[in-house]
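Engineer: My questions will all concern the structure given below.
The values are calculated or read from the model by the stated rules, or taken from the named source; none is laboratory data. Given the structure is predicted, the values throughout are model-derived calculations rather than measurements. All Cβ positions, glycine included, derive from the backbone under ideal geometry; neighbour counts span all protein chains shown.
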Amino acid sequence: MKDNTKLIAAGRPHKRSAHPVNTPVERASTILFPTYDDYLEGARSINYGRLGTSSHRALEEAVTVLEGGFDTRLAPSGLAACNMSILAFVETGDHILVADTVYDPTRKFCERFLKRFGVETTFYNPTADKEDIAALMRPETTVIFAESPGSLTFDVQDLPALAEIAHGGDAVLIADNTWAAGYFSKPIALGADVSVQAATKYIVGHADCLVGTITSAHEEASRKIYMALLQLGSNVSADDAFLALRGMRTLSARLERHQENALDLAKWLAKRSEVARVIHPAIKGCPGHPIWKRDFSGSSGLFSAVLKPIELNALKAFFNALRLFGIGFSWGGFESLAVHVHPERHRTASPWTEDGPVIRFHAGLEDIDDMKADIDNAFAAMMQAQ
């Protein structure tokens, strides 16, 4: 089946004489078994609410089919999915490589939490040559953690090359696939051992719940992920699993509109006198575009624009004049967002040297002309305050 069909067919209720279209919400802590044999069988499937009910299994099945993996486990947020997937493969004395442009809370997890337990992190330039990244590997390196495109500045990584480096050193490659939502890119097909998503974003699609997904490429990775989640007591509410699965049904239609609006908006912004440059990997000439073209089938609604240098009061005037674009940290919902981000604060291996402020835009599902009018009005307010 094609992805559009998988999103509709996967994770549906098992057919019986009469059944609902959607998998019902099954909330439970205790699971009861009518016979001892049922109890023994339950120990291998659904046996306790913290380990998931049919609501969770349906979502896991759908994400597995979409990502092309062996199986999927759920985490209570995208950050939890990233961090727990790393924890599954490390122990005291290990070393990991992490992309310098990774989501900052994941970076802090490595710098602060893992360091306390004797796991060392080296941050690598995500656009460095394969040989330079390979040179950072050590005998004790167990994980390469990639995020493509990278947070804030959308650096595209060569996942097949990273997989070759990781596997050559008996390490695993974990890829944060949130930007592409498992739809526009398939890290597992590109060699990753684990693909994680903040399903909070595009899979949920309505900015109303938090969920993370961890999809394993093979049984060995799956077993380690499962044990990490089990021992950490991680769980997701059945209601949130239901909302995520319901959001998946319209994922392809929403992403196509996000893609269309974002590309139109990015190209329009690139022509504005207030903008120094636009960072969108799907636009020819942007860094990483050749790899994006090779490994991605489309682009989502998230990108950044670097403004020409302005005073802080002018930047504040820009944001205060926005009416459609909300000022918010998340993204992936139906609404448009804009936020001032600071790449220079979140990297060490690839310094950020742009002079002007960076605005990260999420192009929602509103009419593109209304979106442009909103930003045009904000630019006018900015220039008036300058």
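Engineer: Condition first: without any contact (Cβ under 8 Å) to a residue 40 or more places away in the chain and part of a helix (DSSP H, G or I). Now tell me which residues in region 346-386 satisfy that. Step through it out loud before you land on a result.
Structural biologist: Here is the first cut: in region 346-386, the residues without any contact (Cβ under 8 Å) to a residue 40 or more places away in the chain are 351, 353, 367, 369, 373, 376.
Result: D369, A373, D376.
Engineer: Tell me, which residue of region 186-200 that is surrounded by fewer than 24 Cβ atoms within 10 Å (Cβ to Cβ) and closer than 17 Å to P149 by Cβ is nearest to the chain's Cα centre (by Cα)?
Structural biologist: Only one residue tops the list, namely K186.
Engineer: I've got another one for you. Out of the residues in region 250-283 that are touching a helix residue (DSSP H, G or I) at 6+ places or on another chain (Cβ under 6 Å) and closer than 30 Å to T23 by Cα, which is surrounded by the most Cβ atoms within 10 Å (Cβ to Cβ)?
Structural biologist: Applying the filter and picking the extreme gives L251.
Engineer: If you go through region 65-74 one residue at a time, do you hit one that is surrounded by fewer than 20 Cβ atoms within 10 Å (Cβ to Cβ), modelled with pLDDT of 95 or more and small (G, A, S)?
Structural biologist: Yes, because at least one residue in region 65-74 is surrounded by fewer than 20 Cβ atoms within 10 Å (Cβ to Cβ), modelled with pLDDT of 95 or more and small (G, A, S).
Engineer: Run G169 past the list (1) free of Cβ contacts under 8 Å to residues at least 40 places away in the same chain; (2) surrounded by fewer than 24 Cβ atoms within 10 Å (Cβ to Cβ); (3) within 14 Å of F296 (Cβ to Cβ) and report the number of the one that doesn't hold.
Structural biologist: Against the list (1) free of Cβ contacts under 8 Å to residues at least 40 places away in the same chain; (2) surrounded by fewer than 24 Cβ atoms within 10 Å (Cβ to Cβ); (3) within 14 Å of F296 (Cβ to Cβ), G169 comes up short only on (3).
Engineer: Can you list the strands (runs of 3 or more DSSP E) lying wholly within region 28-137 that have 3 or more residues being under 22 Å from T200 (Cα atoms)?
Structural biologist: Values: elements: 71-75, 95-99, 120-124.
In region 28-137, 71-75 are the strands (runs of 3 or more DSSP E) which contain 3 or more residues that are under 22 Å from T200 (Cα atoms).
Engineer: Moving to a separate point now. When you look at I291, is it in contact (Cβ under 8 Å) with a residue 12 or more places away in the chain, more than 17 Å from M382 (Cβ to Cβ) and either polar (S, T, N, Q) or buried (at least 19 other Cβ atoms within 10 Å of the Cβ) (or both), yes or no? Please lay out each step first, then the result.
Structural biologist: Numbers: in contact (Cβ under 8 Å) with a residue 12 or more places away in the chain: yes; more than 17 Å from M382 (Cβ to Cβ): yes; either polar (S, T, N, Q) or buried (at least 19 other Cβ atoms within 10 Å of the Cβ) (or both): yes.
Spelling it out, I291 is indeed in contact (Cβ under 8 Å) with a residue 12 or more places away in the chain, more than 17 Å from M382 (Cβ to Cβ) and either polar (S, T, N, Q) or buried (at least 19 other Cβ atoms within 10 Å of the Cβ) (or both).
Engineer: So which residues in region 138-161 are among the charged types (D, E, K, R) and not in a loop (DSSP other than H, G, I, E, B), if there are any at all? If you could, list the steps in order and put the result at the bottom.
Structural biologist: Taking region 138-161 first, the residues among the charged types (D, E, K, R) are 138, 140, 147, 155, 158.
Residue satisfying the conditions is E147 alone.
Engineer: Within region 245-293, how many residues are in a helix (DSSP H, G or I) and basic (K, R)?
Structural biologist: From region 245-293, those in a helix (DSSP H, G or I) are 245-248, 251-270, 289-293; that's our starting set.
Next, from what is left, pick out any that are basic (K, R): 246, 254, 257, 267, 293.
So the answer is 5.
Engineer: Quick test for you: out of S85, S151, pick the one residue that is surrounded by 21 or more Cβ atoms within 10 Å (Cβ to Cβ) and modelled with pLDDT under 95. Show your work before the answer.
Structural biologist: Working: S85 fails: modelled with pLDDT under 95.
It is S151.
Engineer: Okay, next question. Checking D374 against (1) surrounded by fewer than 19 Cβ atoms within 10 Å (Cβ to Cβ); (2) of a type outside the set (K, R); (3) farther than 30 Å from Y124 by Cβ; (4) within 26 Å of the chain's Cα centre (by Cα), which test does it fail?
Structural biologist: Condition (4) is where D374 drops out.
Engineer: Hey, among the residues in region 42-64 that are among the hydrophobic types (A, V, I, L, M, F, W, C) and surrounded by fewer than 21 Cβ atoms within 10 Å (Cβ to Cβ), which one's nearest to T178 (Cα to Cα)? Outline the logic, then answer.
Structural biologist: Step one: list which residues in region 42-64 are among the hydrophobic types (A, V, I, L, M, F, W, C), which gives 43, 46, 51, 58-59, 62-63.
If we keep only those that are surrounded by fewer than 21 Cβ atoms within 10 Å (Cβ to Cβ) too, we end up with 43, 46, 51.
Numbers: A43: 32, I46: 28, L51: 24 Å.
So, considering only residues that are among the hydrophobic types (A, V, I, L, M, F, W, C) and surrounded by fewer than 21 Cβ atoms within 10 Å (Cβ to Cβ), the one nearest to T178 (Cα to Cα) is L51.
Engineer: Please list, ordered by first then second residue, the pairs with beta carbon atoms under 6 Å, 6 or more apart or interchain, first in region 113-130 and in the same structural domain as D100 (by TED's automatic domain parsing), second part of a helix (DSSP H, G or I) and modelled with pLDDT of 95 or more.
Structural biologist: T121/C110; Y124/I133; K130/A161
Engineer: So which residues in region 199-232 are among the hydroxyl-bearing types (S, T, Y) and in a loop (DSSP other than H, G, I, E, B)? It would help to see each step written out before you state the result.
Structural biologist: Of all residues in region 199-232, those among the hydroxyl-bearing types (S, T, Y) come to 200, 202, 213, 215-216, 222, 226.
The answer is T200, Y202.
Engineer: Right, next: Report yes if A317 is in contact with a helix residue (DSSP H, G or I) (Cβ under 8 Å, 6 or more places away or on another chain) and either in a loop (DSSP other than H, G, I, E, B) or farther than 30 Å from Y183 by Cα (or both), otherwise no. Before you say what the answer is, go through the steps one by one.
Structural biologist: On the way: in contact with a helix residue (DSSP H, G or I) (Cβ under 8 Å, 6 or more places away or on another chain): yes; either in a loop (DSSP other than H, G, I, E, B) or farther than 30 Å from Y183 by Cα (or both): yes.
Yes.
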